[in-house]
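Presented below is the structure to which this report refers.
The values are calculated or read from the model by the stated rules, or taken from the named source; none is laboratory data. Quantities reported herein were computed from a predicted structural model and do not represent experimental measurements. Note: ideal-geometry Cβ built from the backbone for every residue, glycine included; neighbour counts use all protein chains shown.
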Amino acid sequence: MRKNMWICLLGIVTLNTVFAQTREDRFARARATIQVRDQDGILVPDARVGGWFLDTHHPQEGRLVDGATDTNGCCVLEEDTSGRLSCTVQKDGYYLTRDDYKNWYVSWRPNDTHIENRRWQPWNPTLNVVLKKIKNPIPMYAKNLNLGVPEFKKQLGFDLEKGDWVAPYGKGVASDFVFYATLDERGPRDSDYSLLLTFPNEKDGIQTFEGPVLLEGSQLWSGYMAPESGYLSEWKQFQKRRPETGRTNNVDRNRKYYFRIRTKLDEQGNIISAQYGKIYGDFLNFTYYLNPTSNDRNVEFDPEKNLLDPNDRFAP
């Protein structure tokens, strides 16, 4: 009994020693240059930079280094880390931006991890950060939705101004989005789900745009203005489950859209009026923003002025 106890204690001490050595071995000095430009490519001096040099195994034990950009828009940060730098950049009159440098240590590619002379390589890489100006934020109809369709195989209208399904499923009046969903369940792990988004008016439509992933990049994920053209008249979404291959789908929670609704045309087919907006997320779990003013393509939202619920504040 006593012998077994000593073996256990020795094992614990040995494991702790190995852990400590491993933790020490994965730490090294790192330096990075943060270069900051605005959305037009102009260098931004005097921006405040906060760098969090992470312990990838113990994030709460990271080390914070503060700095500010010089006349060349650059700020050099240096500290010990186990291989990752997370930073925030902010300045009055601009949207805060978050960015990460992840090329020192890659957990799923440990052979690509490089430390030379107790320094992470590459030494002093440049992280280019875009700081977007706050231009003209406006009140908008904004709402976060996590919906299930109230009925399958039926066209269902959703009113963006009311933030609800059109009657009889809700208090909506105008069908800005029209959803049609189908579900074919053949077994617990064998099913097909589809969702079709269409619009009631000619030249209404939707298009995707590139933006940062969740919790990265500028607080303003979109551009300032919705595009004039390029809108698709429908958008299809699918999810499949198979016993052999599992689940496949084309859903992307980081997807982003611009849309145009309530479009009116003249006799020649030219747009007389329309309303524009944007979406962060994917159907049917997303946040939408609708500009209330006809023919105004501005999609820079003022979080303090939500026309649906002033207490609901979302990213701009």
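Does the range 264-276 contain at least one residue that is over 16 Å from Ile138 (Cβ atoms) and within 24 Å of the chain's Cα centre (by Cα)? Within the range 264-276, not a single residue is over 16 Å from Ile138 (Cβ atoms) and within 24 Å of the chain's Cα centre (by Cα). Per the conditions (1) surrounded by 15 or more Cβ atoms within 10 Å (Cβ to Cβ); (2) free of Cβ contacts under 8 Å to residues at least 24 places away in the same chain, the sole criterion not satisfied by Trp221 is (2). Of the candidates Tyr257, Tyr231, the single residue that is among the hydroxyl-bearing types (Ser, Thr, Tyr) and in contact (Cβ under 8 Å) with a residue 40 or more places away in the chain is Tyr257. Within the range 280-295, being assigned to a strand (DSSP E or B), under 14 Å from Arg260 (Cβ atoms) and not aromatic (Phe, Trp, Tyr) holds for one residue alone: Leu290. Note on the range 28-77: residues that are in a strand (DSSP E or B) and either at pLDDT 90 or above or within 18 Å of Tyr94 (Cα to Cα) (or both) amount to 26. The C-beta contact set for the range 164-187 (first residue under 27 Å from Lys203 (Cβ atoms), second residue part of a strand (DSSP E or B) and basic (Lys, Arg), distance under 8 angstrom, 6+ apart or interchain) comprises Ala174/Arg262; Asp176/Arg262. Residues in the range 181-202 that are closer than 26 Å to Thr263 by Cα, buried (at least 17 other Cβ atoms within 10 Å of the Cβ) and of a type outside the set (S, T, N, Q): 4 in all. State all residues of the range 229-252 that are under 27 Å from Ala274 (Cα atoms) and surrounded by 11 or more Cβ atoms within 10 Å (Cβ to Cβ); if no residue qualifies, say none. Listed by number, the residues that qualify are Gly230, Tyr231, Leu232, Ser233, Glu234, Trp235, Lys236, Gln237. Of the strands (runs of 3 or more DSSP E) lying entirely inside the range 138-208, those containing at least 2 residues that are among the hydroxyl-bearing types (Ser, Thr, Tyr) and over 22 Å from Pro310 (Cβ atoms) span 177-187, 190-198.
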